[in-house]
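The values are calculated or read from the model by the stated rules, or taken from the named source; none is laboratory data. Bear in mind the structure is a predicted one, so any value in this text is a computation, not a measurement. Cβ atoms come from the backbone with ideal geometry, glycine included; neighbour counts cover every protein chain shown. Keep in mind that these areas ignore ligands, DNA and RNA; they rest on the heavy atoms of the full protein, side chains included. Shrake-Rupley method; radii C 1.70, N 1.55, O 1.52, S 1.80 Å.
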Amino acid sequence: MHLLGNMPLQLFVFFAALFGLFIGSFLNVVIVRLPLILFRSWEQEALEFLTTRAPERLVPIPVSEQTPPAPRYNVAFPASHCPHCHHAIRYYDNIPIFSFLWLRGRCRDCQAPIHWRYPTVELLSALLSGWIAFHFGYTPQAFAALFLTWVLLAQTFIDLEHQLLMDSLTLPTLWLGLLLSLYPIFASPTECILGAAGGYLLFWGLYWIFKGITGKEAMGYGDFKLLALLGAWLGWKALPTIVLLASLAGSVVGLCMIVFCGHKKNEPFPFGPYLAIAGWITLNWNDRLVAWWLHLML
């Protein structure tokens, strides 16, 4: 690691954790709004199809019954507000973690409980960002790993809530990983290109084999793209570790949910969070994990 002594590292870790805390607050906005933006887009496209391009066998919706266009909605507008009473959140009530503790987990205006996800994402973002700064030091790898960490954190909580992985996060990050391989950051361009293609094709092939045998879908296309993203950042050599870790974690958690939480066997559960966690672990300790796997096998 390229360091200028212990103090620069300590300062870097502190500022990375502090910045990660505020990034976590922004990630909460992304986690809540990106799926809603997508759902509204689907609704608008369906409405436009029914009213303007519907086949003759379908009855178009009369103009008088059409839904008026929705107001502008994105990650910046409208301003943060309580989902229950819709009061705008004051700036001093929007300080990460501190405001949640000060308000005792409730809205100042209506006393409705604040979702546990908000402080959790903020705290995780701060802790993971601080660790990345400590692990990689003041290097280009640290800044790239910070960005990847925040994307994986957002995708994890979106998938947990909606069983959906956002292409608007996955695809730009995938292409960024391929561009960063020109530096290279974590792996060579050849390794990253093969990682992106191999990650997607691996899950794509398993999907169709499983569907051909059972007639059921084992995973969604968002999982293919997320593994391709991790391959584009970490290279093809990281894929076995990621898939093995994610599969083990998913199997253990899925079994526990069936046994202890009454989760039905045929009821789907998100696999994206396990891929994201496995990818983050591999980002930090891939060499040690590979050495450990080889030691166990030999």
What are the residue pairs meeting all of these: first residue in region 102-120, first residue over 21 Å from ARG33 (Cβ atoms), second residue small (Gly, Ala, Ser), Cβ atoms under 9 Å, and 6 or more apart or on different chains?
-> ARG106/ALA112
Any chance you could count how many residues in region 166-186 are closer than 13 Å to LEU148 by Cβ, of a type outside the set (Phe, Trp, Tyr) and touching a Leu at 6+ places or on another chain (Cβ under 8 Å)?
-> 5
Taking region 199-219, which residues are buried (at least 18 other Cβ atoms within 10 Å of the Cβ), under 30 Å from GLN141 (Cα atoms) and not hydroxyl-bearing (Ser, Thr, Tyr)?
-> GLY199, LEU202, PHE203
Could you please tell me which pairs satisfy a Cβ distance under 6 Å, a separation of 6+ or placement on different chains, a first residue in region 7-27 that is in contact (Cβ under 8 Å) with a residue 40 or more places away in the chain, and a second residue that is in a helix (DSSP H, G or I) and open to solvent by 70 Å² or more (accessible area, probe 1.4 Å)?
-> VAL13/PHE134
Taking PRO270 and the conditions (1) modelled with pLDDT of 90 or more; (2) open to solvent by less than 30 Å² (accessible area, probe 1.4 Å); (3) part of a helix (DSSP H, G or I), which numbered condition does it fall short on, given that it satisfies the others?
-> (3)
Looking at GLY254, is it outside any loop (DSSP other than H, G, I, E, B), modelled with pLDDT under 95 and over 14 Å from ALA278 (Cβ atoms)?
-> yes
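For (1) among the charged types (D, E, K, R); (2) open to solvent by less than 20 Å² (accessible area, probe 1.4 Å); (3) over 19 Å from the mean Cα position of the chain (by Cα), each residue gets a yes or a no:
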residue: LEU103; (1), (2), (3): no, no, yes
residue: ILE114; (1), (2), (3): no, no, yes
residue: LEU128; (1), (2), (3): no, no, no
residue: GLN155; (1), (2), (3): no, yes, no
residue: HIS162; (1), (2), (3): no, no, no
residue: TYR183; (1), (2), (3): no, no, yes
